[in-house]
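S.K.: There's a structure below that I have some questions on.
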Amino acid sequence: MSNVNKAKEAINQGDRVEAERFAKLADAGNNCPLCRTKLPHTPEQTFAYSLKNAQKGKVYAQHAVATKYESGKGTPKNYKEAAKWFEKATEGGHPWSPSSYGRILEDGGYGVRRDIKKAKEMYELSIKYQHPIGYYYMGLLYENGKGLPKKDEKEAVRLYRIGAELGFDNAQCSLGNCYDFGIGVAPNPEEALKWYLLSAEQGENTTAMMNAGATMMKIAQMGYGDISIVGHSPVPRAFCWLKRADKLGESDARMIMQQIEGNCKSSCAQCNKSASVAKLTRCAKCKLFHYCGKQCQTAHWNAGHKLDCVKTDVV
């Protein structure tokens, strides 16, 4: 609980001494520990503070102002202003600004003139700084042939791989996609899954989460001819990733989840007895596979479900 909330709680309990103590602690937290200058603590104050420093020519503040104009944090969104400040920060040598500036130039619109040639130059500059996002954006250009005489999928894979190895989740997802669908490289579902999972585990890329779940099931289908072979079923783990993607707003994940849930509850996982002729109860742990009775559930567990089963309600 924050000191502000502790102060409020003390007020509600009528403890004025504790309320004043926590209020002072909260106020101290808004001051520089060295010079005691008041620090900004709202998005609007942070933006104003950053803009003041950006106007003084401080490169880190110029990049910060640009990102705030781009995202609308502390100020209304303004892509033209974002482009202006990203350009200034780039000229000042900020290593993260070229890729962001390039992306705005590539997309164009909102008062910014579209300029693929200059965007490509910005991505090349970003690559000189070894910034993973630069590799990723340049890879997209090569994969789609934007601003280039023709597509070069092999070069796209090379660029994605560098960005992926540097830890950028979008590059990892794109590299997984290349292995998944044979773009610039021979199809390899296991390698695709490896990169999807590395991306998904960072917690933000919903496409990687959804694709990881789908690829798990694809590998099982290819290897065993069925995704529900007990002891080798990826369904519970795949469902976990789909659920995470759904929670973060990936609508396609919800559709796949509904298909899985519908299949799992239609019959007993052990004896295949239909739900239309028997009352089925679901596994308490994964909440996916259903059984017509305790005997079938125990048999299925011992046959290998204990290896497949995970808690799917933990996201």
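The values are calculated or read from the model by the stated rules, or taken from the named source; none is laboratory data. Remember, it's a predicted structure, so these values are computed and weren't measured experimentally. Backbone-built Cβ (ideal geometry, glycine too); neighbour counts: all protein chains shown. Calculation scope for accessible area: heavy atoms of the full protein, side chains included, ligands and nucleic acids excluded. Shrake-Rupley method; radii C 1.70, N 1.55, O 1.52, S 1.80 Å.
S.K.: Please count how many residues of segment 80-102 are assigned to a helix (DSSP H, G or I) and touching a helix residue (DSSP H, G or I) at 6+ places or on another chain (Cβ under 6 Å).
M.R.: 15
S.K.: Mind checking which residues of segment 230-254 are small (Gly, Ala, Ser) and in contact with a Lys or Arg (Cβ under 8 Å, 6 or more places away or on another chain)?
M.R.: Scanning segment 230-254 gives a single hit, Ala253.
S.K.: For segment 137-220, which helices (runs of 4 or more DSSP H) that fit wholly inside it have 1 or more residues that are under 13 Å from the mean Cα position of the chain (by Cα) and at pLDDT 95 or above?
M.R.: Once the helices (runs of 4 or more DSSP H) in segment 137-220 are filtered for at least 1 residues that are under 13 Å from the mean Cα position of the chain (by Cα) and at pLDDT 95 or above, what remains is 169-181, 189-200.
S.K.: Can you name every residue in segment 55-76 that is surrounded by fewer than 19 Cβ atoms within 10 Å (Cβ to Cβ) and under 22 Å from the mean Cα position of the chain (by Cα)?
M.R.: Of everything in segment 55-76, those that are surrounded by fewer than 19 Cβ atoms within 10 Å (Cβ to Cβ) and under 22 Å from the mean Cα position of the chain (by Cα) turn out to be Thr67, Ser71, Gly72, Lys73.
S.K.: Val230 versus (1) over 22 Å from the mean Cα position of the chain (by Cα); (2) at negative phi; (3) without any contact (Cβ under 8 Å) to a residue 40 or more places away in the chain: which is the lone unmet condition?
M.R.: (3)
S.K.: Follow-up. What is the one condition in (1) open to solvent by 40 Å² or more (accessible area, probe 1.4 Å); (2) not in a helix (DSSP H, G or I) that Gly223 does not satisfy?
M.R.: (2)
S.K.: Just to be sure I understand, how many residues within segment 244-260 are crowded, with 16+ Cβ neighbours inside 10 Å and closer than 21 Å to Val230 by Cα?
M.R.: Residues meeting the conditions: 3.
S.K.: Might you check whether a residue that is part of a helix (DSSP H, G or I), open to solvent by 60 Å² or more (accessible area, probe 1.4 Å) and farther than 18 Å from Val310 by Cα occurs anywhere in segment 266-285?
M.R.: No, segment 266-285 has no match at all.
S.K.: Could you check segment 286-314 and list, in sequence order, the residues that are of a type in the set (A, V, I, L, M, F, W, C), over 18 Å from Cys240 (Cβ atoms) and assigned to a helix (DSSP H, G or I)?
M.R.: Cys296, Ala299, Trp301, Ala303
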